[in-house]
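For reference, the structure is listed below as structure tokens.
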Amino acid sequence: SGNDDVDTTAGGFRRAWARHGGGPGAFSVGAAAPLAPLERELALLRRALASGAALALALAATGGWWIARGALTSLAVMARQAGEINDRTPGVRLVAPNPHDEMGRLAHAFNGLLARLESALSVQRRFMADASHELRTPVSIARASADVTLARPERTEAEYRDALAPFEGTALPED
């Protein structure tokens, strides 16, 4: 018994046979069927699989583009918002479309950074205002004293020393 494919002038065939019995009464039974319908069905199946794969790939690419576009749109909106924040708009913060996704977490982290920077700048401004205020008084006194002392052209060394006496021991910056 067995089977095989054979090519004939009429086309390809698949044949199968089996031997039954033994001795003088033994006989063989065989059958053959054309391969053309099977080959047509296989070709149809290959075309269907190729078309299905191409359609699935197109759908996956479209879905991926749509998802990426949504994520990048959110990122572009947040980038525009960040670009509008400056020293005249210190309290402005980023608004994320969905506070529970990655973009929302990014916006939350960026807003925390802005709050820390705003706090540090506020401390620096207060320090500068306090330092400026503290320096104005002694500088004003020294300038007034120098103006009064220099207003009269003829002064003695002792008068110059008396005018500068309040500033003795004050360290002046060196060049």
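The ellipsoid equivalent to the alpha-carbon distribution of region 1-45 has semi-axes of 30, 11, 6 angstrom, derived from the gyration tensor eigenvalues as √(5λ) and listed largest first. For the chain, the longest principal axis of the C-alpha atoms and the axis of helix 102-151 are separated by about 10°. Taken along its three principal axes, the alpha carbon spread of region 1-93 comes to 111, 30, 12 Å, from the longest extent down to the shortest. The residues of region 1-78 expose on average 78 square angstrom of accessible surface per residue, using a 1.4 Å probe on protein heavy atoms. Extending 7 Å from Cα along the Cβ direction at Gln81 and again at Glu39 yields two label points whose distance is 6.6 nm.
The distance between label points at Ser1 and Ser122 comes to 9.2 nm (points 7 Å beyond Cα on the Cα→Cβ vector).
Contact order for the chain, expressed relative to its length and based on alpha carbon pairs under 8 Å spaced 6+ residues apart, stands at 8 percent. Within region 17-49, list the residues whose amide N lies under 11 Å from a label point set 7 Å along Cα→Cβ of Ala61. Under cut-off, by backbone N: nothing. Remark on Gly12: its backbone amide H falls under 5 Å from those of Leu35, Ala36, a criterion applied only to residues 5 or more positions apart or on other chains, H modelled at 1.01 Å from N.
Our summary gives region 13-86 a relative contact order of 18 percent, counting only alpha carbon pairs under 8 angstrom and 6 or more residues apart. Atom-type composition of the exposed protein surface of the chain places 63 percent of the accessible area on carbon and sulfur (1.4 angstrom probe). Assuming charge only on the beta carbon of Lys and Arg (+1) and of Asp and Glu (-1), the dipole of region 3-101 about its Cα centre is about 140 debye to the nearest 20. Phi-derived couplings, Karplus 6.51 cos²θ - 1.76 cosθ + 1.60 at θ = phi - 60°, listed residue by residue for region 43-57: 5, 5, 5, 4, 5, 5, 5, 5, 5, x, 5, 5, 5, 4, 5 Hz, with x used for Gly and Pro.
Once you divide the Cα radius of gyration of region 59-115 by 2.2 N^0.38 Å, the number left is 1.32.
Diffusion of the chain by Stokes-Einstein, at 10 °C in a medium of 1.306 mPa s and with Rh set to the Kirkwood radius over alpha-carbon pairs, works out to 57 µm²/s.
Sequentially through region 82-91, phi angles give Karplus couplings (6.51, -1.76, 1.60; θ = phi - 60°) of 5, x, 7, 7, 8, 5, 8, 10, x, x Hz, Gly and Pro residues having no value and appearing as x.
The values are calculated or read from the model by the stated rules, or taken from the named source; none is laboratory data. Computed from a predicted model, the values in this text were never measured in an experiment. Glycine gets a Cβ as well: all are built from the backbone with ideal geometry, and neighbour counts include every protein chain shown. Quick note on the areas: whole protein, heavy atoms, side chains included, nothing else; ligands and nucleic acids left out. Shrake-Rupley method; radii C 1.70, N 1.55, O 1.52, S 1.80 Å.
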